[in-house]
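The values are calculated or read from the model by the stated rules, or taken from the named source; none is laboratory data. Quick caveat: nothing in here was measured; it's all calculated off a predicted structure. Virtual Cβ from ideal backbone geometry, glycine too; neighbours counted across all protein chains shown.
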Amino acid sequence: MISKEHIQALAQERIDELDKGLFIVDISISTSNAIKIEIDSEQGGVAIVDCMSVSRNVEHNLDREENDFELSVTSPGIDKPLKLTKQYIKNVGKDVKIKLNDDSKLEGLLKAANEEGIVVETTRKERIEGRKKKETIVEEHPLGYDQIKETKIVISFK
């Protein structure tokens with residue numbers, strides 16, 4: 001059986017060699033030895049050559065005679081939820097949709113992120129008594145990671 005720790009060590013070894021600000025987001029190994037490694041970058045995207053390099057290092061250090069396996073190394077898609085603090089930090093300044101543990105939803109600008117949590121800025125129009133025009137109300141919502149069920153980046157083509 002292929003261990004997750006062994007795969008993580010092999011992938012991290014190459015990531016450290018590349019020294020491009022890459023990090024492991026997730027590693028999963030199915031019962032049929034289908035290995036999936038997700039890597040991301042602290043700034044910008046992940047190049048295909050980086051995925052290939054990590055893949056080759058893992059593949060060349062595993063014995064197919066001992067364990068047959070399928071291997072894929074990818075970057076998390078833009079539609080995938082954020083999983084790690086590093087991903088939140090990387091995406092500060094982008095619009096996000098957040099599903100909280102109580103099933104309420106929040107959509108706004110990711111203003112800040114650190115090890116403790118995030119701050120999301122929401123904007124809404126509201127009619128204020130005695131005025132004809134609606135006023136823009138801006139609120140900041142500090143959230144701990146333990147309050148968040150899922151966070152996705154809002155894809156915009158503006």
Q) In region 112-158, which residues are under 18 Å from PRO81 (Cβ atoms) and in contact with a Gly (Cβ under 7 Å, 6 or more places away or on another chain)? A) GLY117, VAL120, LEU143, GLY144, TYR145
Q | Condition met for SER156 (surrounded by 10 or more Cβ atoms within 10 Å (Cβ to Cβ), among the small types (Gly, Ala, Ser) and outside any strand (DSSP E or B)) | A | no
Q | Test set (1) within 16 Å of the chain's Cα centre (by Cα); (2) touching a residue at least 60 places away in the same chain (Cβ under 8 Å) - ALA11 fails condition number | A | (1)
Q: Mind telling me which of the residues ILE35, ILE15 ends up being β-branched (Val, Ile, Thr) and not in a helix (DSSP H, G or I)?
A: ILE35
Q: Quickly run through region 35-46 and pick out the residues that are of a type in the set (A, V, I, L, M, F, W, C) and modelled with pLDDT under 95.
A: VAL46
Q: Scan (1) at positive phi; (2) surrounded by 12 or more Cβ atoms within 10 Å (Cβ to Cβ); (3) not β-branched (Val, Ile, Thr) for the single condition ASP19 breaks and write down its number.
A: (2)
(Q) Which condition from (1) of a type in the set (Lys, Arg); (2) farther than 30 Å from VAL96 by Cβ; (3) at pLDDT 90 or above is the one that ARG64 breaks? (A) (3)
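Looking at region 38-50, can you tell me whether even one residue there is more than 26 Å from LYS94 (Cβ to Cβ) and under 19 Å from the mean Cα position of the chain (by Cα)? Lay out the reasoning, then the answer.
Of region 38-50, the ones more than 26 Å from LYS94 (Cβ to Cβ) are none.
No, every residue in region 38-50 fails to be more than 26 Å from LYS94 (Cβ to Cβ) and under 19 Å from the mean Cα position of the chain (by Cα).
For region 109-126, check the following and say yes or no: at least one residue is free of Cβ contacts under 8 Å to residues at least 12 places away in the same chain, farther than 16 Å from ILE7 by Cβ and of a type in the set (Val, Ile, Thr).
No, region 109-126 has no match at all.
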